[in-house]
Structures are given as structure tokens and as C-alpha cells.
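Structure, as C-alpha cells:
Only the coordinates and a few stated rules stand behind these numbers; no lab work does. Source: prediction; values computed, not measured. Note that each Cβ is placed from the backbone with ideal geometry, even for glycine, and that neighbours are counted across all protein chains shown.
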Amino acid sequence: MALERVSNTVLGYDSEQVDALLDRVRRQYEKPKSRFITPAMLASVEFDLAPGGYRIDQTDAALAEVAIEFEHRELKARLERIGTKRFRAETRSLIGTIVKVLSQDEKKQFSPARNGYHPKRVREILRKLVVQEGLLSAPSPSELKTAPLGRKNGGPARIEVNEFLGIVVSVIQRQELVR
């Protein structure tokens, strides 16, 4: 994966840190059964900013795609290991979690945080999630993982929103696997 750098007068992700992570990602692709890196690790990674570093938007999008691919592999292996019936039961439970969050008042869905996401942008994403007859309709995993949610003091807690969107992405991929 080739990432572009920003000019030396602009801050981007520290290239040494990104390169170290990408090296682990490459090793994971070479040895899929190993656990050099997991989707959870990719979701929580943070890089320092440095002049002339890698473009932030491009790096985030690339890592989101890798996380989606790694999660797909893990879910496929889980389906093979536990069988369709149990896999579907787990998926129904996750859909129940999504319905519970979506049915709450907007101000109670996520805790307010000092450095939270922008509430309006979070609401826009949540409005795109629809559960009907036990099936989730939602934007693509890529769109959900890269949606610009902004920042706002007192906005929804980033960690809670990220965890929720992680559940949504998992359900989307699970539904695709058992079609």
C-alpha cells in the first residue's frame, strides 16, 4: 500500500510509526493464522503528528480497509468453527444491541465527553441504520469506518461511538457471510 506524504510544512502521521504498523500488517497477510495485528488493534491505533508525514485521511482509509478485511477473515473462521446456527444467534444478539441503542433518546445513546464527536454527524450516521425483520441495513463497512465525525466538546464519547460502529460493521459482515 503506497501512502502519500504531506509537504514538510504540514503535519501528517509520523511515517516511522505508520511504517512499523504496516510492516506488522504485511506479516499478518503473509501468515493469516498469526496474530501480529488484529482489527481491534487497528481500530485503536494512534500516531504522532510530524511535519512531512503521511496524509492522515489516506492512512486512516487504508487502515480501515485492512481492519475490515482482517475482521472478515476472523468472522469467516468463526463461522466455520461454530456453525451457522450459533453464528446467526450471535448476530441476532448483536442486532439486539444495535436496536437498543437506536431506540434510545439521542442524548442518552452515548455519554458526553470532553473531546467527543460532533453530535450532528453521529446522528447522520445513526439515521442510516435500519433494522427490519431482524436484518440490519446500513452503509458499507468502509463508509462507516471512515465517516468524518468531527469533534465537539461535550459531544458523544468517541470510544462508545467507535465501539458501537464496530458492532454495526461486524453485523454487516456477518449478514453477508450467511446469505
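Under a Cβ-Cβ cut-off of 14 Å, what is the net charge of the residues other than Gln28 that fall near it, where Lys and Arg count +1 and Asp and Glu count -1?
Once all neighbours under 14 Å are counted, the net charge is +1.
Grab the DSSP H runs of the chain that are 4 residues or longer, score each as -39,500 (n - 2.57), total them, divide by all residues and round the 222 nm result to the nearest 500 deg cm²/dmol.
Helix-only estimate at 222 nm: -19000 deg cm²/dmol.
Which whole-Hz couplings ³J(HN,Hα) result when phi for each residue of segment 26-35 is put into the Karplus expression 6.51 cos²θ - 1.76 cosθ + 1.60, θ = phi - 60°, listed in order with x for Gly and Pro?
Each residue's phi maps through the Karplus curve to give 4, 4, 5, 5, 5, 10, x, 7, 6, 10 Hz.
What is the sum of charges around Arg114, taking Lys and Arg as +1, Asp and Glu as -1, for the other residues whose C-beta is under 13 Å from the C-beta of Arg114?
It works out to a net charge of +3.
Given Cβ point charges of +1 (Lys, Arg) and -1 (Asp, Glu) and nothing else, what value in debye, to the nearest 20, does the dipole of segment 83-179 about its Cα centre take?
Rounded to the nearest 20 debye, it is 140 debye.
Report which label in (i) 112; (ii) 121; (iii) 133 holds the value of volume of the Cα convex hull per residue in Å³ derived from the coordinates of this structure.
Computed from the coordinates, volume of the Cα convex hull per residue in Å³ corresponds to (ii).
Tell me, what is the Rg over Rh of segment 1-82, with Rh the Kirkwood radius over Cα pairs?
Rounded to two decimals, Rg/Rh equals 1.06.
For q values of 0.11 Å⁻¹, compute log₁₀ I(q)/I(0) with the Debye formula on a Cα-only model of segment 46-131, without solvent.
-0.54
Among Tyr117, Val45, Leu165, whose Cα lies farthest out toward the positive end of the dipole of the chain, if unit charges sit on the beta carbon of Lys, Arg (+1) and Asp, Glu (-1)?
Leu165
Pop out the ³J(HN,Hα) list for segment 125-136 in order, Karplus 6.51 cos²θ - 1.76 cosθ + 1.60 with θ = phi - 60°, rounded to Hz; leave Gly and Pro as x.
3J(HN,Hα) across segment 125-136, in whole Hz: 5, 4, 5, 7, 9, 9, 10, 9, 6, x, 10, 8.
Given Cβ point charges of +1 (Lys, Arg) and -1 (Asp, Glu) and nothing else, what value in debye, to the nearest 20, does the dipole of the chain about its Cα centre take?
780 debye
Taking the Cα centre of segment 1-82 as the origin and placing charges on Cβ (Lys, Arg +1; Asp, Glu -1), which of Leu79, Leu63, Val10 is farthest toward the positive end of the dipole?
Value computed over the given set: Leu79.
Output ³J(HN,Hα) for segment 152-168: one whole-Hz value per residue in order, computed from phi by the Karplus curve 6.51 cos²θ - 1.76 cosθ + 1.60 with θ = phi - 60°, and x for Gly and Pro.
After applying 6.51 cos²θ - 1.76 cosθ + 1.60, I find 7, 4, x, x, x, 4, 4, 5, 5, 5, 4, 5, 4, 5, x, 5, 4 Hz.
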